[in-house]
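Here is the structure we will look at.
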Amino acid sequence: MMQQYIKELEQEPFDAEEFVERLAWRTIAETKTEGDEGDINPSLLHDSFVQAIKDLTLLQERQQKKCERLESVVREDEAMFFQEIYTLLEQNKQSIDTFQELDSKINHVATKVLHLGDQLDSVNGPRARVVDAHKLMSHLSEFLSNGPLTSSIFNDPYRVDEAADVIQKLFLISQDLPSPKFESVKRKIERTYSDIEKALIEDFVRAMSKEDLIRMKAIANVLSQFKGYSQCVDAYIDQSQMGCLLSKDIFANLLPLCKHNYEIIKEVFNNPEQVMAKFVLNLYQLKLSDYVESRLSSKVGSYEYLQILYELYSKTNQFSSELSVYNLGSDQNYLTKLTTKIFNKYINDYIQIELKCLRERCTHNLQKYYDSKSHQKKQIQSGGFQDLRRDLQAVIGTRANINIAQIENYGGETFLAEELAIMILQDTKHAFLRCQLLSRPEDKSSNASKILTTLVNSLLIEHVDYAVELGLHAIPVVEGAKNPPVLYFFTIVHQCNNITHLVEKQFMDLVLPLITNTPVYNECIQKKKFVLEDMERKVNLGLDRCLNAVTAWMKLYLQAEQKKGDFKPETDDFDTVASPACKAVCQYISSIIKQMKTNLDGNNVTAVLEELGVRLHRTIYDHMLQFQYNTAGAMVAICDLNEYRSCTKSLGPLVIELFETLHALCNLLLVKAENLHQVCSEDSLVNLEKSILDNFIQLRTDFKTQKLTIFKV
């Protein structure tokens, strides 16, 4: 039971009330027999609580003794640890005292050693100088004697460094010797000086071939005191750059070559910035210059020449940009000047070659296109007189029912090709990119203006404007109702818009950045604007002619095919469907609307469709005024009008309103005479002029018989 109590008391969190409840229920459960549902036995419950109190009291006493025993053990451990810590602190204090004593002794000894060293140095310095002077005098006496040098230092190739040190000092001494008396000695020293210098350079080259950087650095340090130090640098540069032009793409190897040699230069030479600057100078003036000249002097066409020039110049600029991370001196434009010096002679006449090449390619592509169409370009006359002549031919041809206009539609060929435009724009794109890179800053905007002029002339004037002019003259003149006019001009407008958008995009992307804030900006804007506005004027004229052709044919066809009996059937036995003439017209108009929506875009299509709807409404209105209508005929007219409304509902809200008003006017032909006043007062007709209402009312066949009733109303 004790174990049970301990288990429950150690539970977290401990609740005393819960503990008593569990004890009570446990006691009750143990005293009940199976199936016994009687009352609780309080005596047994009291005895159980008393026994539990005793057990818990005993448990408390045991736990108290255990705690006291553990506390005693902890106090003993604490005393023992305190003693150990005290002992360690004492030992640490003794160690600190010993360290301070040792440090003071070391400082004392060091002071004495430093003093002794100064004394030794003061004695050894003059002695060493005397020894060096003695050696130099011995070697100088050898040079003063006749005959070859016998000292091993000048004859042993493995002691060339020592010989270099001696001869360099002797050379400086010889410069102060009087000339007439010691001229032969000075020449002998100079010869030996040159021989040792040459031997050092050869040794440097051998060490370089073995990639012995330590030996190379030692020789470079020795030669830095010689006049021929620059020859050592030149030898290094020549050896390291040997064969750099042999690869197919030399620019891919130049930067790794520079990076590799820069690390060697830093390791070997005492002045790496100056050596690296000379390394780059040699690379540009000799290697790159020769490579550029060999590429550009080869016999290629002007287009290939410009491509090669652009490629070489851009790669050289990129290479210069990558080299700018190295410290090549105080001149920030050092690499730019080297690049300019290489390409200067090629850039002087660049724009002349560019323009000549661009014109030739544009002319060739245009001629190739027209040859593929078996078309010979012709001079097209346009203007007021030509337009008047065309209109007179149309009127005479219509009246006489003969074709005198002699209009050629070229079988529907538009003579416009977006593929050709893309080819020309691709050429001009490359030209503008080359202009950006190869032109001098002061010539960049003027060169861009010249390229733009070539683009405008070749593409917009010679191709697009020419095709629009041909399309204008190919719009048919309606001379009869037999065949509806076939219109290809909408396709021309579509292709013209596409090409114009491409030109505008190239102008915004490539031309504007080159001419913004320059004197030629307004000139270029006006040049493009003038050509595009003239082209837009011609397109609008062509669209107007197309609409005239559609409405003229519709008028002639309805006049020829619409019979007066269609609207005055003598019997009521007829089909309430649109007349055949109306269906034929609607079928043709639907095809025209489809063409317009397919080929026109933006506000242009909205305006043209609305104008078409207005003209169709006027034609139908004038056509309806030519007939008399009985009640059955009015039904046929309304069926026709519903067909027209269905055909033109996509032409805009204004056109829908016009045809709804016309439909309301047709109701005047159908209603009874006594109801006319009420119909005229409806919202759709109340704003119309009275003359229009009267004109429609007079079209009723019963107008004369019902005249008094009608006017009374």
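The values are calculated or read from the model by the stated rules, or taken from the named source; none is laboratory data. Model, not experiment: these values are computed from the prediction. Counting neighbours? That spans all protein chains shown, and the Cβs are built from the backbone with ideal geometry, glycine included. Protein only, heavy atoms only, side chains kept; ligands, DNA and RNA dropped before computing areas. Shrake-Rupley method; radii C 1.70, N 1.55, O 1.52, S 1.80 Å.
Can you pull out every residue in region 573-620 that is in contact with a helix residue (DSSP H, G or I) (Cβ under 7 Å, 6 or more places away or on another chain), closer than 19 Å to Ala637 by Cβ and not in a helix (DSSP H, G or I)? Selection gives Phe574, Thr576, Val577, Ala578, Ser579.
A residue that is open to solvent by 30 Å² or more (accessible area, probe 1.4 Å) and either among the small types (Gly, Ala, Ser) or modelled with pLDDT under 85 (or both) cannot be found anywhere in region 275-285. Of all residue pairs spaced 6 or more apart or on separate chains, those with beta-carbon atoms under 6 Å, a first member in region 520-549 that is open to solvent by 60 Å² or more (accessible area, probe 1.4 Å) and a second member that is of a type in the set (A, V, I, L, M) are Tyr521/Ile515.
For every residue, the table says whether it meets (1) part of a helix (DSSP H, G or I); (2) in contact (Cβ under 8 Å) with a residue 24 or more places away in the chain; (3) under 12 Å from Thr339 (Cβ atoms).
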position	(1), (2), (3)
Ala277	yes, yes, no
Lys287	yes, yes, no
Val292	yes, yes, yes
Lys299	no, no, no
Asn317	yes, yes, yes
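At pLDDT below 90 and of a type in the set (Phe, Trp, Tyr): does that describe Tyr370? Talk me through it step by step, then tell me what you get.
On the way: at pLDDT below 90: no; of a type in the set (Phe, Trp, Tyr): yes.
Here the answer is no, as Tyr370 does not meet what is asked.
The listed residues are Tyr305, Tyr313, Tyr326, and the only one of them that is within 26 Å of Thr454 (Cβ to Cβ), open to solvent by 20 Å² or more (accessible area, probe 1.4 Å) and in contact (Cβ under 8 Å) with a residue 60 or more places away in the chain turns out to be Tyr313.
Picking from Ile451, Ile424, Ile492, which residue would you name as being of a type outside the set (D, E, K, R), open to solvent by less than 50 Å² (accessible area, probe 1.4 Å) and under 30 Å from Leu558 (Cβ atoms)? Steps first, answer last, please.
On the way: Ile451 fails: under 30 Å from Leu558 (Cβ atoms); Ile424 fails: under 30 Å from Leu558 (Cβ atoms).
So the residue among Ile451, Ile424, Ile492 that is of a type outside the set (D, E, K, R), open to solvent by less than 50 Å² (accessible area, probe 1.4 Å) and under 30 Å from Leu558 (Cβ atoms) is Ile492.
When you scan region 512-519, do you find a residue that is under 30 Å from Gln376 (Cβ atoms) and either touching a helix residue (DSSP H, G or I) at 6+ places or on another chain (Cβ under 7 Å) or surrounded by fewer than 18 Cβ atoms within 10 Å (Cβ to Cβ) (or both), even just one? No, region 512-519 has no match at all.
Of Val486, Val477, all but one fail to be open to solvent by 30 Å² or more (accessible area, probe 1.4 Å) and modelled with pLDDT under 95; the exception is Val486.
If only one of Leu651, Leu676, Leu658, Leu668 is crowded, with 17+ Cβ neighbours inside 10 Å, under 19 Å from Lys555 (Cβ atoms), without any contact (Cβ under 8 Å) to a residue 60 or more places away in the chain and out of contact with any Leu (no Cβ under 6 Å at 6 or more places or on another chain), which one is it? Going through Leu651, Leu676, Leu658, Leu668 in turn, the sole match is Leu658. Contact annotation: residue pairs with Cβ atoms under 6 Å, 6 or more positions apart or on different chains, pairing a residue in region 615-644 that is in contact (Cβ under 8 Å) with a residue 60 or more places away in the chain and under 21 Å from Gln587 (Cα atoms) with a partner that is open to solvent by 30 Å² or more (accessible area, probe 1.4 Å) and hydrophobic (A, V, I, L, M, F, W, C), are Cys639/Val577.
Pull up region 649-684, narrow it to residues that are not in a helix (DSSP H, G or I) and not small (Gly, Ala, Ser), then point me to the one that is modelled with the lowest pLDDT. Break it down into steps so the answer makes sense when it comes.
Restricting attention to region 649-684, the residues satisfying the condition of being not in a helix (DSSP H, G or I) are 652, 668-672, 681-684.
Then drop every residue that is not not small (Gly, Ala, Ser), which leaves 668-672, 682-683.
Numbers: Leu668: 81, Leu669: 79, Leu670: 76, Val671: 76, Lys672: 75, Glu682: 73, Asp683: 65.
Taking the candidates together, the pick is Asp683.
Across region 198-250, the number of residues qualifying as outside any helix (DSSP H, G or I) and either touching a residue at least 40 places away in the same chain (Cβ under 8 Å) or open to solvent by 60 Å² or more (accessible area, probe 1.4 Å) (or both) comes to 14. When Glu462 is tested against (1) over 34 Å from the mean Cα position of the chain (by Cα); (2) among the acidic types (Asp, Glu); (3) surrounded by fewer than 21 Cβ atoms within 10 Å (Cβ to Cβ), just one condition goes unmet, and that condition is (1).
If we scan region 560-567, do we find a residue that is modelled with pLDDT under 90, within 20 Å of Ala481 (Cα to Cα) and open to solvent by less than 30 Å² (accessible area, probe 1.4 Å)? Yes - at least one qualifying residue is present in region 560-567.
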